[in-house]
Every structure is written in C-alpha cells, then in structure tokens.
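So the structure is just underneath, and the comments pick up after that.
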Amino acid sequence: MRWLALIFFPLIAWSHPVIYKDGWVISSMTMPDMTDAGASYSFSSKWAAGVNYWRLQDKAGDEQEYQLAKLNHLLWRYNGEASQANVYLHSGVGRSEWGDIKDRLAVMGGAEADWETRRHFVSGKYLHLRTSDYDTGIWVGRVGVSPILAEFQDLQAWAMVQAWYDPITSRETKITPLLRFFYHNVLWEMGSSLKGDMMLNLMVHL
Amino acid sequence: MKKTILLLSLLLSFSAFAETVSFGVKGMVCSMCAQGIKKKFSALEIKDVSVDLDKKLVTYTSDKVLSDAKINELIKDAGYVVTDIKRK
C-alpha cells in the first residue's frame, strides 16, 4: 500500500494551494517510484481548481495511474505586518486504475494550515482519501528556515524538514530534510529521506 | 534644432504626468507569492514595479493613474491587504 502514501505526496509537497487571481500553477514531482504532473488555476484569490496525473510503481512492481480533479479553498488568511497565516480546505474526486479494476472512484478531502515570515515557515496538513478499497488519512508537517533574506528578484533559499505520518503504509513517521529555492516565479525542491529516498519537486506560477 | 526642442518638450510633458505611487502591503513575506503583485500591475501596462520585502512596500511610476480603490482591488486579488497609499 505504499502507493497510497505516494499519491498524497504531490498534494503535500507544495506551498500555497491557492495563489493570486487568474494565476496558474504548473507542478511536477519525481521520486524513485513515482512521477506526477499537475496544473491548477486560481479563479479568485480564494478558490482554485486543477487536475493531477500520477504514475507510480507499487511494491509488487505494478504500475498504477490516477487522475484527480481538485478544488481548493482559502478559508482564512491573516496578513500581518511581518507574517502571513493561512487555512486551506482541499477536495477532489477522480479515478484510479491498477490490477483488474480499471475505474475506481477516488474521493479526497482535507485541511491545511501554515504560518510564515521571511525567516521561518511552519505548516501542517491532514488529507483523507476514500476509494472502493481504502478509507484512510495522512498527517504531514513541515518546518523551515531561510538562512539569508534575499531581495524580491533574487534567489531565495530555504532549509526544511518534512515529517510524514502514514498509518496505512508503514506506521512510521518519514523524515525528509530538503532544500527549497525560489527564483522569480519558479520554485524547486531537492531532498532525501533519512532512508535515502530522493525527491525533486518543481513548480512554476504563471 | 526645432525638432530637438519639440522632442524634449514632449518628453518633459510625458514625465510631468508620470506619478510615483507607493503603498504598504501587509502579509507580503514570500517573494514567489508576491510575484502576483507585479503580474497584476503588468496586466495594466504598468511595468516599472518594485517590491521591497523588508519594508513590505510596493512602488511604481507610471503615467497611468489608478485610483486607491483600483490599487486595493489589485492587491486584494493578489491575496494581500494595502496600507498607506502615497502619491508623488
């Protein structure tokens, strides 16, 4: 059931799930046994809709595919003098395909909160997935620090640690130190879990 | 010579109409997220937009005049809150 954790990863790897009005987000993620491609459109500063496609390999070596349509909502935002905090709601519906069953209905829901300054970042997320085979949830948390405060148009670097608790797949908390970089409208992340699973994420705002 | 004077006069008259506007933006802590602010103003042909994350300040110079309400709307669409609009 490792795939179950993996399909959540694209939903937890990124920063804000809703961006500025009329903004597009194009994202991809690469791990040893999974690739992800996604796109979303923020039709207001509070709502975004999108799609994701995942292809992954499970522990048995079988290939699985997922297509999910998502709707994200910015429920609450605090814009402070030197910080910002957000609460988001996630929802989605789609299909999955592996083994003998070609069309499984998949429904997803969850909530996410974050707080950040120019120097510090903290976030937490809970996502719940229900399919014909599974009814489960995942907790994810991140903390980060930016060692150098870069100017608006300069390269911005963050050091982060991600904790991911998945009670279905392993009942272990997976710790992944990673580096995050911004440059203009492009974000990329590189990391490796303590068990050696490499991670490379890319996101572009358009 | 007359052409040069005419050209200079035109340039001076354009610059005379240009306005420098600066305003505070609460919550502007993420440089990538704040790219949306530049995008909103660029869509109105206002290209000369500078963002100071330390001071949480946005400044632009343009001969296009935007009302305070329009600036508030643009920044709200970008996900932020405007404070203290100043014009020169």
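In the stretch B:72-80, is there at least one residue being more than 16 Å from B:Gly27 (Cα to Cα) and of a type in the set (Phe, Trp, Tyr)?
No, the stretch B:72-80 contains no residue that is more than 16 Å from B:Gly27 (Cα to Cα) and of a type in the set (Phe, Trp, Tyr).
Being more than 21 Å from B:Ala34 (Cβ to Cβ), of a type in the set (A, V, I, L, M) and surrounded by 13 or more Cβ atoms within 10 Å (Cβ to Cβ) narrows it down to one of A:Leu149, A:Leu127, so name that one.
A:Leu127
One line per residue, one yes/no per condition, for (1) touching a residue at least 40 places away in the same chain (Cβ under 8 Å); (2) charged (D, E, K, R); (3) not in a strand (DSSP E or B):
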| site | (1), (2), (3) |
| --- | --- |
| A:Tyr126 | no, no, no |
| A:Asp133 | no, yes, yes |
| A:Ile138 | yes, no, no |
| A:Gly144 | no, no, no |
| A:Ile148 | no, no, yes |
| A:Asp154 | no, yes, yes |
| A:Ala157 | no, no, no |
| A:Val161 | no, no, no |
| A:Trp164 | yes, no, no |
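Could you tell me how many of the residues in the stretch B:38-63 are under 11 Å from B:Glu19 (Cα atoms), surrounded by fewer than 18 Cβ atoms within 10 Å (Cβ to Cβ) and of a type in the set (Gly, Ala, Ser)?
Adding up the residues that qualify gives 0.
I'd like the residue in the stretch A:28-50 that is among the hydrophobic types (A, V, I, L, M, F, W, C) and under 20 Å from A:Lys195 (Cβ atoms) and, out of all such residues, is surrounded by the most Cβ atoms within 10 Å (Cβ to Cβ).
Checked the stretch A:28-50; the qualifying residue surrounded by the most Cβ atoms within 10 Å (Cβ to Cβ) is A:Met29.
Checking the conditions here, which among A:Glu112, A:Glu97, A:Glu81, A:Glu63 is within 26 Å of A:Gly191 (Cα to Cα), exposed (fewer than 14 other Cβ atoms within 10 Å of the Cβ) and of a type outside the set (Phe, Trp, Tyr)?
Of the residues listed, the single one that is within 26 Å of A:Gly191 (Cα to Cα), exposed (fewer than 14 other Cβ atoms within 10 Å of the Cβ) and of a type outside the set (Phe, Trp, Tyr) is A:Glu63.
Would you confirm whether any residue within the stretch A:92-114 is in contact (Cβ under 8 Å) with a residue 40 or more places away in the chain, under 30 Å from B:Asp52 (Cβ atoms) and touching an Asp or Glu at 6+ places or on another chain (Cβ under 6 Å)?
No, because not a single residue in the stretch A:92-114 is in contact (Cβ under 8 Å) with a residue 40 or more places away in the chain, under 30 Å from B:Asp52 (Cβ atoms) and touching an Asp or Glu at 6+ places or on another chain (Cβ under 6 Å).
Restricting to helices (runs of 4 or more DSSP H) lying wholly in chain B: which have 3 or more residues that are more than 21 Å from A:Ser44 (Cα to Cα), at pLDDT below 90 and polar (S, T, N, Q)?
In chain B, the matching helices (runs of 4 or more DSSP H) lie at B:2-17.
Looking only at the stretch A:172-206, count every residue that is surrounded by 17 or more Cβ atoms within 10 Å (Cβ to Cβ), touching a Gly at 6+ places or on another chain (Cβ under 8 Å), within 14 Å of A:Met31 (Cβ to Cβ) and modelled with pLDDT of 85 or more and tell me the total.
Matching residues across the stretch A:172-206 total 2.
Give A:Lys70, A:Lys102 a once-over and let me know the one that is more than 29 Å from B:Tyr80 (Cβ to Cβ), away from chain B (no Cβ under 14 Å), out of contact with any Phe, Trp or Tyr (no Cβ under 9 Å at 6 or more places or on another chain) and in a strand (DSSP E or B). Lay out the reasoning, then the answer.
Numbers: A:Lys70 fails: more than 29 Å from B:Tyr80 (Cβ to Cβ).
Going through A:Lys70, A:Lys102 in turn, the sole match is A:Lys102.
The values are calculated or read from the model by the stated rules, or taken from the named source; none is laboratory data. Computed from a predicted structure; not experimentally measured. Note: ideal-geometry Cβ built from the backbone for every residue, glycine included; neighbour counts use all protein chains shown.
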